[in-house]
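Inspection log for the structure reproduced underneath, given as structure tokens.
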Amino acid sequence: DSGVVQSPRHIIKEKGGRSVLTCIPISGHSNVVWYQQTLGKELKFLIQHYEKVERDKGFLPSRFSVQQFDDYHSEMNMSALELEDSAMYFCASSLVWGGYAEQFFGPGTRLTVL
Amino acid sequence: AQSVTQPDARVTVSEGASLQLRCKYSYSGTPYLFWYVQYPRQGLQLLLKYYSGDPVVQGVNGFEAEFSKSNSSFHLRKASVHWSDSAVYFCALSSSGSWQLIFGSGTQLTVMP
């Protein structure tokens, strides 16, 4: 399968803990976007990197940081986890950074904070 | 500010019936508009997209959407739904002002056999 890969698929952490989510984009895609989905519905834009440069930031908490590496994979480092961080985290990749570029979504990581 | 509104949180239709899912957007310029579908426990998949040209755009699996600048709308339609169309449908917008995708709150579609 040559789709977007996310790991882990499900992770449980205690409040105040830390976690790292990984996203491997489709080969050739250099644009990676992170979204948070809560209550199974609402999708919030968190942050977007293109060619390893942060291009746009949305609802990303200051406790979280995101980096895109030379091979374009992306990691979200989450610290001081709060109960409200429990959600699905999706990453999406696209060929280019631009309004019309189709974003391909990964299967998501379910984060549960206890 | 840009925004997307999907006024119907849940829609239930019978298999074989026609479907319209509503989407209204707020943006002063010309937006890029998308419809995505999310099946249970999966990521989102693109159904169709629109930027310019013919206001009726065809997508996958028999879906189409019609753009209306005067009504600021981008409604999704299907002539005959199948039980496998049951999913959550998201309308989204982006623009040259900000390339981030702004999603509506989604519409849960249930197709009754």
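The values are calculated or read from the model by the stated rules, or taken from the named source; none is laboratory data. These numbers come from a predicted model, not from an experiment. Counting neighbours? That spans all protein chains shown, and the Cβs are built from the backbone with ideal geometry, glycine included.
Here A:Glu84 clears all of (1) more than 9 Å from every other protein chain (Cβ to nearest Cβ); (2) of a type in the set (Asp, Glu); (3) closer than 25 Å to B:Gly104 by Cβ; (4) in a loop (DSSP other than H, G, I, E, B) except the condition numbered (4). Return a yes/no flag: does segment A:13-30 have any residue that is charged (D, E, K, R) and under 26 Å from B:Gln108 (Cβ atoms). Looking through segment A:13-30, none of the residues is charged (D, E, K, R) and under 26 Å from B:Gln108 (Cβ atoms). Each residue in segment B:66-104 was checked for being more than 17 Å from B:Ala9 (Cβ to Cβ), within 12 Å of another protein chain (Cβ to nearest Cβ) and in a strand (DSSP E or B), and 8 pass.
In segment A:62-85, which residues are surrounded by 15 or more Cβ atoms within 10 Å (Cβ to Cβ), without any contact (Cβ under 8 Å) to a residue 60 or more places away in the chain and not acidic (Asp, Glu)? Answer for segment A:62-85, where residues must be surrounded by 15 or more Cβ atoms within 10 Å (Cβ to Cβ), without any contact (Cβ under 8 Å) to a residue 60 or more places away in the chain and not acidic (Asp, Glu): A:Phe64, A:Val66, A:Gln68, A:Tyr72, A:His73, A:Ser74, A:Met76.
Picking from residues in segment B:41-56 that are hydrophobic (A, V, I, L, M, F, W, C) and within 12 Å of chain A (Cβ to nearest Cβ), the one that is surrounded by the fewest Cβ atoms within 10 Å (Cβ to Cβ) is B:Leu46. The set of residues in segment A:1-26 being surrounded by fewer than 19 Cβ atoms within 10 Å (Cβ to Cβ), modelled with pLDDT of 95 or more and of a type in the set (Gly, Ala, Ser) consists of A:Ser7, A:Gly16, A:Gly17.
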